[in-house]
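What follows is one structure encoded as structure tokens, with my remarks underneath.
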Amino acid sequence: MNKKQRCYWSETNELFIPYHDEEWGVPVHDDRLLFEMLNLEGAQAGLSWLTVLKKRATYKQVFNDFDANIIAEYTEEKRAELMANPGIIRNKLKINAAIENAKAYLQVVEEFGSFDNYIWQFVDGKALTHKQQSEAIEASELMSKTLKKRGFKFIGPTICFAFMQAVGMINDHEDYCFRATEI
């Protein structure tokens, strides 16, 4: 029986395989999931994606399933509760960033009708391919700069690039990977 060929990184840990096979690189147009992934990529800064992936379920629980309307109203008490929770990355700047991102996100949704409408404009509404790296880098740099101007935090070009890969704005599966042509 032939073994499916996957991007090399996905086979370095068993948690990566379902993420790679079912999520990574699949175009996302659901606002809540886009907001979730943007914040999880920001939480990853300076860490590994595996660390975030292991904590993802707890993140979803304690951040109210990434409901921006609720997160934007978090109090100092809620911030302290989050800082005390070992199930997430307890970094005050990252926690505060998620709250500020919720506020900025809500403004974008009000202005553009959806976060999906706004965020996909950086790739003209269609996914870039693995072979379009220079365009993808340019798009991630522009996205970072624009999001920062709108008040988003933990949103540098590297984070934006990883976000774009995760939500399918870039189909960055290796050519030999079975998902490269499926997506």
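All of the numbers you see were taken from the coordinates with simple rules; none came from a lab. What you see is a predicted model, and the numbers here were worked out from it, not measured in a lab. Neighbour counts run over all protein chains shown; Cβ positions are idealised from the backbone, glycine included.
Here the chain is scanned for GluC sites (Glu not before Pro) in DSSP loops (not H, G, I, E, B) that have at most 15 other Cβ atoms within 10 Å, and the longest stretch holding none of them is 74-173.
The range 1-34 and the range 40-62 have Cα centres lying 16 Å from one another. Per residue, the Cα convex hull of the chain amounts to 112 Å³. Amide H to amide H distances under 5 Å link T129 with N171, where only residues 5 or more positions off or on other chains count and H is placed in the peptide plane. Taking the number of Cβ atoms within 10 Å of each Cβ as an exposure proxy, the fewest-first ranking of M143, M83 is M83, M143.
Segment E23..Q133, full-extension length gain: 37.6 nm, with 0.36 nm per residue of separation and the alpha-carbon distance subtracted.
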